[in-house]
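This report concerns only the one structure given below.
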Amino acid sequence: MKSILFCFLAIITLPVFAQHESAIRIYPEQGKQQINKHIYGHFSEHLGTCIYGGLWVGPDSDIPNTNGYRNDVLEALKKLQIPNLRWPGGCFADEYHWMDGIGPYESRPKMVNNNWGGTIEDNSFGTHEFLNLCELVGCEPYISANVGSGTVEEMAKWVEYVNSDGDSPMARLRRQNGRDKAWKVKFWGVGNESWGCGGSMRPEYYADLYRRYVTYCRNYDGNRLFKIASGASDYDYNWTEVLMKNVGRRMDGLSLHYYTVAGWNGSKGSATDFSHEDYYWTMGKCLEIENVMQKHITIMDKYDPEKKIGLMLDEWGTWWDEEPGTINGHLFQQNSMRDAFVAALTLNLFHKYADRLRMANIAQIVNVLQSMILTKGNQMVLTPTYHIFEMFKVHQDATFLPIDMMCEKMLVRDNREIPLLSASASRDAKGTIHVTLANVDLQKENNLTIDLNNFTIKSVNGRILTSTSINDHNTFENPNKVEPGLFKEAKLEKGKLRVKLPAMSIVSLELK
């Protein structure tokens, strides 16, 4: 059962009232589908300062580090309990040759990052550095292999290098480079955006190429690979049709990319200097991902009614103009309360499709696009989006609970209708129910009633993320302007939970 939404229509140009009235009913007895923790995945591309300066500073850096990894970033990522991390791209993946990034640092050749600003990289962060990082953070690695400019042999040897525990040639080379035991990497992407920067291919051609590549990607020592085909960009439903028809169960997952890009007036726009109208339009654009997902899922269901193939939304998030004064092509952007709402609304929506959606990776983890963390020298800032992922992590591997919801809607530019309330509920392994809520309205509070007639709770605890302006963001000078606080406006009253959501607020409730 999907969430059911009943909404009253409001127009942004009409006079505002003091508050909204909304209602939710949760159905714990209907909870059957687990929210895969990998929906909360992340993405780290060799792009700008995501890797170099963000995750990695090298062991000789004056910035406090553990074997080259920034200590402050490591600790922040551990608190998120990130389930997986995708690397090395992105567009970078299809120009990356993994053997250039192994062995002694001084012998690794430099390369030009042609996709992102022409930066010269020294390959000091390679396979060992990435996989060791994943072990330190406690997440599963997701490697995107080079199909665009690589070879079948190159990918096959990479799989052997990281996964073989036997006396194979690549396992011996790995041991020579200081790693005895194999890493047992499960998730492998066969190319990236093969319709674009990954080779400008037609879907029919890529489908045949995919079949060839995966034939030679072996399962070593009991480690079964989860093979992910390069999927469509947002509205390209034909790509999904062709791959489902011509590849089918030869793939375990099919990727999809969707970015919330302003673009309505020919410009992505500033990450922090935007109007209320821009904000509401952004909410409509981010919610449009549901319609896109539904159409791709319908195609997948036609060929795979048992839902064996996972939809892997391995790039999503906001994409604004680069910050003034930063390097062209490095995609460094700030992160405001608007981005926090995009994250909250999107994650709440993802939970509804847990039967098909097996992974999602927000782009990107540090210093690029809708990042969790910003760094400058030895300074680090946690973004509003980081706080959403930290507040919402309680849903990972929990049971999705269907809800009915009644709320008002708003009509925004381009005739988009957006609900003014976003909600999702889940039950964890201990039986605790978690409800995440977002009051989208910038001016009016939302008085929400949650019906408790079909289950009993004795206590409620809450946290809230809000600020004085939707444009608010954290800076190196003021790193704590936007951060979560305790939420005390949830009261138990005669079988109901009354929740007073302030305007422009995101709340996480724990019901016991």
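The values are calculated or read from the model by the stated rules, or taken from the named source; none is laboratory data. Owing to the predicted nature of the structure, the values given are computational and were not obtained by experimental measurement. Reconstructed Cβ throughout: ideal geometry from the backbone, glycine too, with neighbour counts over all protein chains shown.
The set of residues in the range 50-81 that are more than 24 Å from Pro104 (Cβ to Cβ), β-branched (Val, Ile, Thr) and surrounded by fewer than 21 Cβ atoms within 10 Å (Cβ to Cβ) is empty. One residue alone among Pro64, Pro28, Pro109 is at pLDDT below 95, more than 25 Å from Gly317 (Cα to Cα) and of a type outside the set (Gly, Ala, Ser), and that residue is Pro28. Which number in (1) surrounded by fewer than 20 Cβ atoms within 10 Å (Cβ to Cβ); (2) β-branched (Val, Ile, Thr); (3) part of a loop (DSSP other than H, G, I, E, B) marks the one condition that Val147 misses? Among (1) surrounded by fewer than 20 Cβ atoms within 10 Å (Cβ to Cβ); (2) β-branched (Val, Ile, Thr); (3) part of a loop (DSSP other than H, G, I, E, B), the lone unmet condition for Val147 is (1).
Of the residues contained in the range 357-370, one or more are found to be in a strand (DSSP E or B) and either farther than 29 Å from Asn115 by Cβ or polar (S, T, N, Q) (or both). Counting only residues that are in contact (Cβ under 8 Å) with a residue 12 or more places away in the chain, of a type outside the set (A, V, I, L, M) and not in a loop (DSSP other than H, G, I, E, B), the range 101-118 holds 3 of them.
Ala271 meets the stated requirement of being in a loop (DSSP other than H, G, I, E, B), buried (at least 20 other Cβ atoms within 10 Å of the Cβ) and assigned by TED's automatic domain parsing to the domain that holds Thr385.
Among the candidates Lys481, Lys444, the residue that is more than 28 Å from the chain's Cα centre (by Cα) and of a type outside the set (A, V, I, L, M) is uniquely Lys444. None of Ile433, Ile457, Ile470 is within 27 Å of Gln33 (Cα to Cα), among the hydrophobic types (A, V, I, L, M, F, W, C) and surrounded by 17 or more Cβ atoms within 10 Å (Cβ to Cβ) except Ile433. Of everything in the range 438-451 that is touching a strand residue (DSSP E or B) at 6+ places or on another chain (Cβ under 6 Å) and either of a type in the set (Val, Ile, Thr) or assigned to a loop (DSSP other than H, G, I, E, B) (or both), the residue that is surrounded by the fewest Cβ atoms within 10 Å (Cβ to Cβ) is Thr449. The residues of the range 473-500 that are in contact (Cβ under 8 Å) with a residue 40 or more places away in the chain, closer than 21 Å to Pro402 by Cα and buried (at least 19 other Cβ atoms within 10 Å of the Cβ), listed by number, are Leu497, Val499. So is Val435 modelled with pLDDT of 95 or more, closer than 30 Å to Pro64 by Cα, in a strand (DSSP E or B) and within 22 Å of the chain's Cα centre (by Cα) or not? When the stated conditions are applied, Val435 does not pass them. The condition of being out of contact with any strand residue (DSSP E or B) (no Cβ under 8 Å at 6 or more places or on another chain), surrounded by 18 or more Cβ atoms within 10 Å (Cβ to Cβ) and not basic (Lys, Arg) holds for Val368. Residues that are more than 21 Å from the chain's Cα centre (by Cα) and part of a loop (DSSP other than H, G, I, E, B) within the range 274-301 comprise Phe274, Ser275, listed in sequence order. Residues of the range 312-364 that are basic (Lys, Arg) and either under 12 Å from the mean Cα position of the chain (by Cα) or within 18 Å of Asp397 (Cα to Cα) (or both): Lys352, Arg356, Arg358. Across the range 302-356, the qualifying residues are those that are in a loop (DSSP other than H, G, I, E, B) and aliphatic (A, V, I, L, M), and the one among them that is surrounded by the fewest Cβ atoms within 10 Å (Cβ to Cβ) is Ile327. Of the residues screened, Asn454 is not one that is assigned by TED's automatic domain parsing to the domain that holds Gln19, at pLDDT 95 or above, more than 23 Å from the chain's Cα centre (by Cα) and closer than 21 Å to Lys491 by Cβ.
Across the range 222-245, the qualifying residues are those that are touching a Lys or Arg at 6+ places or on another chain (Cβ under 8 Å) and not hydroxyl-bearing (Ser, Thr, Tyr), and the one among them that is nearest to Ala171 (Cα to Cα) is Asn223. For the range 457-470, filtering for residues that are modelled with pLDDT under 95 and not aliphatic (A, V, I, L, M) leaves 2.
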